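Laboratory data are not the source of any read-out in this text; all were calculated from the coordinates shown. Every value quoted in this text rests on a predicted model; they were computed, and no experiment measured them. Here Cβ is always computed from backbone atoms with ideal geometry, including for glycine, and neighbour counts include all displayed protein chains.
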Amino acid sequence: MSCSRSIIFMAATIAWPFVAAAQQPLPPGLPAAAQNPAVQAAWSACNADIQKFCPAVQPGGGRIVICLAKARESLTPECRDGMLKAKSALGR
């Protein structure tokens with residue numbers, strides 16, 4: 001599976017329904033997968049990228065992660081690594 005397909009698949013699984021300021025904790029009520037430490041680390045690592053590449057994206061339904069997948073070539077190495085680690089931690 002290609003990296004972009006993997007990230008999009010992860011989006012459907014995790015469905016980060018939010019955008020927040022840097023280092024903002026994850027909001028309550030998310031799917032159990034969002035409570036995984038690797039997912040939380042990816043959120044922290046990608047926060048600046050979300051603000052930069054996806055500021056107008058409506059949260060929910062995995063749209064933020066899909067936006068990041070489209071910008072994958074421009075993402076910070078920390079964000080790319082965080083997304084891959086989260087995917088691995090979730091067994092995807």
*Using a simple spin-label model with points 7 Å from Cα along the Cα→Cβ vector, what separation in nm is obtained for Ala89 and Gln40?*
0.8 nm
*At R0 = 22 Å, FRET efficiency that the Cβ-Cβ distance of Lys70 and Ala48 yields, to 0.05*: 0.85
_For a label point 7 Å along the Cα-to-beta-carbon line of Ala32, residues of region 53-92 with backbone N under 15 Å_ = 90-91
*Quick one: what are the phi-derived ³J(HN,Hα) couplings along region 37-50, Karplus 6.51/-1.76/1.60 with θ = phi - 60°, whole Hz, x for glycine and proline?*
x, 5, 5, 5, 5, 5, 4, 5, 5, 9, 4, 5, 5, 4
